[in-house]
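The values are calculated or read from the model by the stated rules, or taken from the named source; none is laboratory data. All of these numbers come straight from a predicted model, not from anything done at the bench. When we count neighbours, we look across all protein chains shown, and the Cβ atoms used for this are built from the backbone with ideal geometry, even at glycine. Just the protein is used for accessible areas: all its heavy atoms, side chains included, with ligands, DNA and RNA removed. Shrake-Rupley method; radii C 1.70, N 1.55, O 1.52, S 1.80 Å.
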Amino acid sequence: MKNSIIWAAALFMTLSARAQTTSAMSDTDQKVDSLLSLMTLEEKIGQMNQYNGFWNVTGPAPQDGDAADKYEDLKQGRVGSMLNVRGVEEVRKVQKIAVEESRLGIPLIIGFDVIHGYKTVSPIPLAEAASWNLEAIERSAQVAAAEAAASGINWTFAPMVDISRDARWGRVMEGAGEDSYLGSQIARARVRGFQGSDLSDPLTVAACAKHFAAYGFAIAGKDYNTVDIGTATLYNEILPPFQAAKEEGVRTFMNAFNDLNGIPATGNTFLQRDILKGDWQFEGFVVSDWGSINEMIPHGYARDGKDAAYKAVTAGSDMDMESYHYLNHLPALVKEGKVDEALIDDAVRRILKVKFELGLFDDPYRYCDPEREKEVIGSEEHQQAVLDMAKKSIVLLKNENKLLPLKKEGLDIALIGPLAADKTSPLGSWRIAADDETAISVLEGLQQYADNELTHEQGVKLVEGQPSFTMETRINTTDRTGIEEAVAMARDKDVVIMVLGEHGFQSGEGRSRTSLDLPGLQQELLEAVYEVNKNIVLVLMNGRPLAIEWADENIPAIVEAWHLGTQSGNAIAQVLYGDHNPNGKLPMTFPKSVGQVPIYYNYKNTGRPEIPAPDLVFWSHYIDESNEPLYPFGYGLSYTDFEYSNLKTSGATMARDGALNVTATLTNSGDVAGTETVQLYIRDLTGSRTRPVKELKKFSQHMLQPGESVTVSFELTEEDLKFYTANNTWEAEAGDFKVFVGGSSDKLLETEFTLSE
Ligand code: BGC
């Protein structure tokens, strides 16, 4: 470790010299500075370069560069980070080259997409968001971090905090849905879970808030597409979860593929320098998205690689993921005086600081203990945590005549659907480290929790073969041969459980859809089975809201089970058999038809919100579809019933420096215990900019026994009423507000108050 000795000596000298002069500087900052003073320009730029490992490419592989060059670059100190290298053995190999064979021995930071679990897979993030349970979400991120860190990884590219209102966009599965308040709370919980309270703890990882910014507003829900929105939407809807992540101490940000109002996010100074590093004073570093520096060329924003490197670094992108343009062009740009070396120093300082915080300089192999890897990954404790998360993520959409829960014995059940016995789809998209076929299927879960007669048919067969980057759907679109058998089997059964939806890789990056129907022949299967047996429980598995209007009209019980991860089948069985009373609430609106998209609860009223007369067309609506969603944001049923009453505020006005107490009575009026998520919304009736008809501002969860009541209380302050005003300030404006409390965004008690001048 000759190299570590070089910089340790330099560090000692710098620290002694600085001791009297810069007492304000932190110890880590001083260490960073002393190391920086030893680095050549090439070594500094090396820290800003991130290479992909040699397998598991998560984007299009660059043409120039092969494995051999990458090893040489590691030795030359031309690499600061790698992604997609995992397992202590592999990580140790690359770390050893960086630490023992490069001149200064600076350790690599190893990144990976730990999006919803590592080997033990949690529900997809959209599903977790449906739990509205911040503790469970934090715990789930903690489990993911522990497993990844035990496998040599020290940085996750999560949480993805992009708000989206477009179910066509495949990446909605990765976020927390459509609402920026819920999204902000969840962003905080995930950052806490991943990072813990001490970044150098070998069971935590640095987190990354992505994709900065506005990626979820791609036009027409088409991935990577143009984003064109106003600043009010940017500040009110898109930025809050990013800012919340920053406030929670997230150590890195990732920029985005999209352009925003004509400027690619990766080259966007307004986003990265003015807002993130300026207004918010973010001190961590920004990594580009995969090849996004290079993508500024096809965007038509950069002439060539050199121009792209110039624009990205100037705009505040600190690390280049797999474009190679920093490595190839920044040295010349600095030497030619086009890029100030101070910009490079700033980027490198940020990167080194996170490495110090992770403890990598104390022990570059601290994440590489093979014993810990064996112990931590897949532990029973982790299985229990993801099972708990999975149960809490399930949303009961319909339950006519209390068909659910099912009895545990004496029933003759048909289990039908391409996803019923599938052990891969429940893992969902973005679970690179988990092996196919490792989820508990619904079939396995049902067998485990009851003694009923159970027969199974796929009905619509899965297409053979493993999912890949090119073959997104394995749900059959042509083969009807299984339908008849399934119908015959269903005919005289007591109950039919149908497990339908999207294959695990039918959502996620690059998987936008123009249809939100059940893919392939599944709708046909559902209708055919319904013809012979109407006693159907539909279990949906999907990565996005689906338009299932027919099912809602005809099928008596519908359970939204998303892609729930490793413990999927157990969680679903526990809900179907009533061992767990479901309490999930939708984090994203379900449309009646794809033509309503984007559809979201916090829309603006418009100047023509209501039908003026039954036969007039001149109001804001469609002539062939209602304005109502199929299932609204915040909606979700329980096996018990909840009633709301007695909504009150502590006064008619709120003073700017005061608070308003809002209370309501919640009663469990059904006959089993259950948990309810109580939601508080406001409406700012008149503003310097038009305001949404409702905005979520608070929520809390309450477990009540049958017949039990509780007074639920929330405190509102001026802070909760702020928005991006016509003066481009973040302020609350005096005037009248409505306040609503209830169990779903469409079914609320309401009252009013005034914010005084
Ligand atoms: C995605 C990022 C991801 C990166 C690295 C990109 O294609 O947009 O979210 O972190 O790949 O895998």
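Of note:
- Flag if residue 138 is more than 15 Å from the ligand (Cβ to nearest atom), open to solvent by 10 Å² or more (accessible area, probe 1.4 Å) and closer than 21 Å to residue 543 by Cα: yes
- Screening the stretch 72-95 for residues that are more than 21 Å from residue 326 (Cβ to Cβ) and of a type in the set (A, V, I, L, M) and picking the one that is farthest from the ligand (Cβ to nearest atom) gives 88.
- Number of the exception - residue 614 against (1) part of a loop (DSSP other than H, G, I, E, B); (2) in contact (Cβ under 8 Å) with a residue 12 or more places away in the chain: (2)
- Scanning the stretch 389-405 for residues that are open to solvent by less than 10 Å² (accessible area, probe 1.4 Å) and touching a strand residue (DSSP E or B) at 6+ places or on another chain (Cβ under 7 Å) returns 394, 395, 396, 397, 404.
- Just one residue in the set 224, 215, 181 is within 16 Å of the ligand (Cβ to nearest atom), under 16 Å from the mean Cα position of the chain (by Cα) and aromatic (Phe, Trp, Tyr); that residue is 215.
- Selection status of residue 149, under 20 Å from residue 84 (Cβ atoms), within 16 Å of the ligand (Cβ to nearest atom) and either at pLDDT below 95 or not in a loop (DSSP other than H, G, I, E, B) (or both): no
- Among the residues of the stretch 626-651, just one is in contact with a strand residue (DSSP E or B) (Cβ under 6 Å, 6 or more places away or on another chain), part of a loop (DSSP other than H, G, I, E, B) and open to solvent by 60 Å² or more (accessible area, probe 1.4 Å), namely 650.
- Candidates 176, 130, 149 - the one that is buried (at least 24 other Cβ atoms within 10 Å of the Cβ), of a type outside the set (Val, Ile, Thr) and touching a strand residue (DSSP E or B) at 6+ places or on another chain (Cβ under 6 Å): 130
- Conditions (1) more than 16 Å from the ligand (Cβ to nearest atom); (2) open to solvent by 10 Å² or more (accessible area, probe 1.4 Å); (3) within 29 Å of the chain's Cα centre (by Cα); (4) at pLDDT below 95; number of the one not met by residue 475: (2)
- The stretch 186-202 residues that are aromatic (Phe, Trp, Tyr), paired with ones that are open to solvent by less than 10 Å² (accessible area, probe 1.4 Å) (beta carbon under 6 Å, 6 or more apart): 194/141; 194/145; 194/156; 194/205; 194/207
- Considering residues of the stretch 727-743 that are open to solvent by less than 80 Å² (accessible area, probe 1.4 Å) and under 17 Å from residue 649 (Cα atoms) only, the residue farthest from the chain's Cα centre (by Cα): 735
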